[in-house]
Amino acid sequence: MKEKSTILIVDDSELNRTVLADILGDEYNFIEAENGARAIELLRTHTDIDLILLDMVMPEMNGFEVCKLLRDKGRSTPVLIITAREEEKDKILGLDLGADDYITKPFSIRELMARVKANIRRVVMVSQARPEPKGEVLTFGRLSIDREKSSVT
């Protein structure tokens, strides 16, 4: 298992990307994209991205389009939208298109860190809960189900 989770920061503002990288840099690895099109390119080559921080208003491909394209292609990487768009309709649209979380600017650093940790923790928990078939034995953490013997340990 890798030491640090990797976050893709997608924002057309270099200043915003720098600030987010500074905030996250001690606990996470990060990759940056200056627009949605570049984010899609990076996601094709980097399969180890654990979370996407996604701005909504960007040139070439906005965050809504990026989120929809990711979900249409079956990519399940968590998406945390970070945007100044605070209207309810934008939040609902972002979440309906597949975002896992939505935070509006300005935000507190502590809230951002809590949301990042929660989204990454959820992915880790789900991946650990998936059964690993070993013949006829399924394992869920410390629980084993032997379908052939009809026993649970």
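Would you check if T139 is β-branched (V, I, T), more than 26 Å from A21 (Cβ to Cβ) and open to solvent by less than 70 Å² (accessible area, probe 1.4 Å)?
Spelling it out, T139 is indeed β-branched (V, I, T), more than 26 Å from A21 (Cβ to Cβ) and open to solvent by less than 70 Å² (accessible area, probe 1.4 Å).
Only one residue in R115, R121 is within 19 Å of F30 (Cα to Cα), at pLDDT 95 or above and of a type in the set (K, R), so which one is that?
R115 is the lone residue from the list that is within 19 Å of F30 (Cα to Cα), at pLDDT 95 or above and of a type in the set (K, R).
State which residue is farthest from M58 (Cα to Cα) when the search covers only region 100-123 and only residues that are open to solvent by less than 20 Å² (accessible area, probe 1.4 Å) and among the β-branched types (V, I, T).
That would be I120.
Kindly evaluate T6 against the criterion of being touching a residue at least 24 places away in the same chain (Cβ under 8 Å), of a type in the set (S, T, Y) and under 15 Å from L97 (Cβ atoms).
For T6, the condition - touching a residue at least 24 places away in the same chain (Cβ under 8 Å), of a type in the set (S, T, Y) and under 15 Å from L97 (Cβ atoms) - is not met.
The values are calculated or read from the model by the stated rules, or taken from the named source; none is laboratory data. The structure displayed is predicted, hence computed values, not measured ones. FYI the Cβ positions are ideal-geometry reconstructions off the backbone, even for glycines, and counts take in every protein chain you see. Accessible surface is based on the protein model in full, side chains and every heavy atom, while ligands, DNA and RNA are left aside. Shrake-Rupley method; radii C 1.70, N 1.55, O 1.52, S 1.80 Å.
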